[in-house]
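Q: I am attaching a structure below and will ask some questions about it afterwards.
The values are calculated or read from the model by the stated rules, or taken from the named source; none is laboratory data. Just so you know, these numbers come straight off a predicted model, no measurement behind them. All Cβ positions, even for glycine, are placed from backbone atoms using ideal geometry, and neighbour counts span all protein chains on display. Keep in mind that these areas ignore ligands, DNA and RNA; they rest on the heavy atoms of the full protein, side chains included. Shrake-Rupley method; radii C 1.70, N 1.55, O 1.52, S 1.80 Å.
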Amino acid sequence: MRQSMTFIPTLREVPADAEIKSHQLLLRAGYIRQTASGVYTYMPLAKRILDKIEKIIREEMENAGAAELLMPTLQPAELWQESGRWNTYGEELMRMNDRHGRDFALGPTHEEVVTSLVKDEIKSYKRLPFAVFQIQTKFRDEKRPRFGLLRGREFIMKDAYSFHSTQESLDAVYEKMFIAYNNIFTRCGLNFRAVLADSGAIGGKDTQEFMVLSETGEDTIAYSDTSDYVANIEMAEVNPNYEKSSETPLPLEKLETPNQKTIADISSFFQVDATQCIKSLVFKVDDEYVLILVRGDHEVNDIKVKNVLKATSVELAEHNDIERLLGCSIGSIGPVGVPKNIKVYADYAVKSMVNIICGANQDGYHYKNAVENRDFTVHEFADFRFIMEGDPSPDGQGTIHFARGIEVGHIFKLGTTYSDSMEAKFLDENGKSQSFIMGCYGIGVSRTLSAVAEQFNDENGLIWPINIAPYQIHLIPINVKDKEQLILAEELYLQLKNDAFEVLFDDRTERAGVKFKDSDLIGLPIRVTVGKKASEGIVEVKLRKSGESFEVERSLLSTFVQKLLKSGE
Ligand code: ATP
Ligand code: MG
């Protein structure tokens with residue numbers, strides 16, 4: 001492609017509203033333009049990358065046994081009412097009406113549509129397992145769209161769904177998908193990890209997220225320094241074996257603690273470590289209020305609260321609810337003397353504590369030397385807290401460290417959640433009606449593009465891995481007014497294209513400095529510069545990633561470039 005004919009509006013300045021490298025560089029290098037918050041145009045270079053990522057995905061999905069289809073973006077509310085998600089999905093669902101006032105949603109995901117399709121078309125176990133995928137624009141009215149393509153409101157997703165008659169069959173396809181995902185992200189050149197993720201109340205290893213390691217990732221990953229344990233901190237289990245305190249229980253005392261509210265306030269006021277205090281939080285769990293206790297240096301993980309209590313919604317209680325229920329404000333809550341209608345749950349760590357400092361449910365007062373089972377009772381102990389760096393690894397090997405990650409893919413054993421609610425059934429070998437067992441498998445295609453940009457760049461611009469670079473070669477005549485240079489460049493352009501390379505030919509009459517700056521910014525793997533040695537038929541070949549350069553004779557250029565591409569640059 002001639003650069004004069006394509007559309008790559010580069011910018012010199014860093015756009016003010018772009019916080020992270022990939023967003024800044026994709027804007028500056030002319031890959032994307034924002035149309036509305038979280039809504040983007042993919043410019044020609046980005047479109048080529050998307051096509052390449054999609055090609056890789058298609059190959060791997062077909063290898064895994066899934067057939068491509070394309071379901072509608074516009075989804076009737078009836079389907080969402082059947083699954084129950086019309087009411088529970090919340091504000092992320094983009095809703096709209098047609099001219100007759102009927103309700104529709106713009107698809108954020110397609111469990112409903114695909115389940116209804118399969119319900120109508122597949123009646124017998126003989127047709128199972130069955131898997132389909134699509135690559136499509138999805139809509140989610142995200143609360144905080146940000147970081148460019150990483151969290152958009154309109155974005156491209158690959159979603160796949162599988163249907164099974166047995167759990168073993170689901171396990172086998174899930175495993176195939178796991179391998180396909182590893183292949184896809186490896187072929188995209190990414191440095192990633194598959195991590196255990198939260199699977200709701202079901203628990204276990206039934207869902208994994210593929211995380212691109214990056215400082216700017218919104219997810220935190222907990223990994224062991226000696227074993228292969230890796231999990232999203234949302235679900236990383238905490239080892240429940242705490243050493244029991246050997247202190248002798250002392251009498252409970254109520255002390256005046258004016259204006260001491262946070263754990264930091266309290267521990268410095270009492271001159272004790274935060275591990276001697278407990279944090280007490282009131283949550284609204286579905287329609288009930290509960291008190292959750294964790295050790296002062298720990299943080300409550302509301303996803304664990306939700307899973308342990310098998311709830312559908314968990315949120316911190318409002319200020320005025322706490323006032324009404326306990327007669328105090330947030331900084332003074334504690335488990336001693338809590339009204340019977342509020343169940344008290346505690347993290348395992350609390351069980352090992354003696355002589356605890358906690359709020360007295362009265363503003364300006366705390367208890368000292370509270371003892372569980374003497375001064376307060378706990379309805380149930382469980383793992384309610386976030387794992388922390390330095391904790392022992394849940395698999396018993398090594399210590400936990402944290403890393404940040406960008407979730408680019410997610411594979412999930414759904415079970416019969418959707419087939420039950422939507423009554424999607426097949427006849428098994430004995431002629432008995434059974435709900436389909438389902439799996440779903442997503443990849444953020446546009447997010448993957450951004451994640452690659454986030455992982456591969458330097459101070460001069462983007463550095464695309466060969467497999468997904470928009471073009472392999474950037475061909476640049478230094479001075480197009482120099483006849484010799486222009487003629488050689490034109491000839492090489494034809495030659496390289498004939499040899500099936502993808503070439504971006506900078507035929508613009510810009511100064512050399514401008515062309516090189518743009519070229520670094522755009523970040524194609526190989527730059528071929530036609531300069532002063534054009535008269536001798538010699539060009540410079542430079543690698544974007546390492547900065548290495550070579551002088552190559554024109555007749556050897558194709559073979560040379562071929563070798564570079566083969567060696568992965
Ligand atoms: P997140 O926790 O980041 O919101 P999610 O759990 O909502 O992700 P899924 O519903 O599993 O995501 O969607 C499948 C994939 O789609 C994700 O793994 C991610 O790569 C991508 N994705 C999800 N939301 C967005 C978004 N707003 N913008 C771009 N890609 C997204
Ligand atoms: Mg989300």
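Q: Between Glu459 and Asn182, what is 0.36 nm times their sequence separation minus the Cα-Cα distance? Round to one decimal in nm.
A: 96.8 nm
Q: Something else about it: Mind checking the full-extension length gain between Glu491 and Phe7? Use 0.36 nm per residue of separation minus the Cα-Cα distance, one decimal, nm.
A: Between Glu491 and Phe7, full extension yields an extra 171.9 nm.
Q: Radius of gyration and Dmax for region 28-185's Cα atoms, expressed in Å?
A: 17.5, 54
Q: In addition: Taking region 208-261, which trypsin sites (Lys or Arg not before Pro) meet the DSSP loop condition and have no more than 11 other C-beta atoms within 10 Å?
A: Hits after loop and neighbour filter: Lys244.
Q: I need the fraction of alpha carbon pairs in region 471-567 separated by more than 19 Å, rounded to a whole percent.
A: Counting pairs separated by more than 19 Å, the tail of P(r) holds 32 percent.
Q: Along the charge dipole of region 471-567, pointing to its positive end and built from +1/-1 on Cβ of Lys, Arg, Asp and Glu, which listed residue (Val541, Leu521, Leu486) has its Cα farthest out?
A: Checking the options against the dipole of region 471-567, the answer is Leu521.
Q: With the convex hull built on the Cα atoms of region 136-295, state its orientation-averaged projected area in nm².
A: That works out to 16.6 nm².
Q: Could you tell me the center-to-center distance, by alpha carbons, between region 161-179 and region 501-569 in angstrom?
A: Between the Cα centres of region 161-179 and region 501-569 lies a distance of 46 Å.
Q: In debye, nearest 20: dipole of region 66-110 around its Cα centre with unit charges on the Cβ of K, R (+) and D, E (-)?
A: Around 120 debye, computed over region 66-110.
Q: Okay, moving on. If you count, for each residue, the other Cβ atoms within 10 Å and average over each peptide, how do 316-329, 351-364 line up from highest to lowest?
A: Descending packing order for the listed peptides: 351-364, 316-329.
Q: Here is a further query. Would you calculate the separation in nanometres between label points at Lys254 and Lys143, each defined as 7 Å from the Cα along the Cα-to-beta-carbon direction?
A: 3.7 nm
Q: A follow-up question, please. Per the Kirkwood formula on distinct C-alpha pairs, the Rh of region 78-170 is how many angstrom?
A: Computed over region 78-170, the radius equals 15.2 Å.
Q: Let me ask something additional. At a Förster distance of 45 Å, what's the computed FRET efficiency of Arg58 paired with Glu510, Cβ-Cβ distance as r, to 0.05?
A: 0.75
Q: Can you compute the label reach from Ser421? Point 7 Å from Cα along the Cβ direction, backbone N cut-off under 19 Å, restricted to region 82-99.
A: Taking a point 7 Å out along Cα→Cβ of Ser421, the residues of region 82-99 whose backbone N falls under 19 Å are 82-96.
Q: Taking all protein chains together and a probe of 1.4 Å, list Lys55, Lys368 from the most accessible to the least accessible.
A: Largest to smallest exposure gives the sequence Lys55, Lys368.
Q: While we're here: So what is the relative contact order for the chain, in percent, with contacts set as C-alpha pairs under 8 Å and at least six apart?
A: Over the chain, the number comes to 17 percent.
Q: How high is the relative contact order of region 471-567, given as a whole-number percent (alpha carbon pairs under 8 Å, six or more residues apart)?
A: 29 percent
Q: Can you tell me what share of the DSSP beta bridges in region 427-553 is antiparallel? A percent to the nearest 5 is fine.
A: 60 percent
Q: Principal axes first, then extents: for the Cα atoms of the chain, list largest minus smallest coordinate on each axis, whole Å, largest first.
A: In descending order, the Cα extents are 95, 67, 51 Å.
Q: Shifting gears a bit: Going by average Cβ density within 10 Å per residue, which order do the peptides 224-231, 4-11, 177-184 take, highest to lowest?
A: The densest-packed peptide leads the list: 177-184, 224-231, 4-11.
Q: Can you report the principal axis dimensions of region 253-382 using only the alpha carbons, biggest first, rounded to whole angstrom?
A: Between the extreme Cα coordinates on each principal axis of region 253-382 lie 40, 31, 25 Å.
Q: Now, a different point. Which peptide among 29-36, 158-165, 403-410 comes first, and what is the full order, when sorted by highest mean count of other Cβ atoms within 10 Å?
A: 158-165, 403-410, 29-36
Q: According to a simple spin-label model (label point 7 Å from Cα along Cα-to-Cβ), what is the distance in nm between Glu389 and Glu78?
A: 5.5 nm
Q: Between Leu543 and Ala16, what length in nm is gained on full extension when 0.36 nm per residue of separation is reduced by their alpha carbon distance?
A: 186.7 nm
Q: Express as a percent, rounded to the nearest 5, the fraction of DSSP beta bridges in the chain (both residues included) that run antiparallel.
A: Bridges in the chain that DSSP calls antiparallel: roughly 80 percent.
Q: Let me ask you something else. Pull up the DSSP beta bridges for region 37-173 and report the antiparallel fraction as a percent, rounded to 5.
A: If we restrict to bridges inside region 37-173, about 90 percent are antiparallel.
Q: Mind checking the dipole of region 314-363: about its Cα centre, +1 per Lys or Arg Cβ, -1 per Asp or Glu Cβ, Debye to the nearest 20?
A: 300 debye
Q: Separate question: Over the Cα atoms of region 219-299, what radius of gyration and what Dmax do you get, in Å?
A: Spelled out, the Cα radius of gyration and Dmax of region 219-299 are 17.0, 49 Å.
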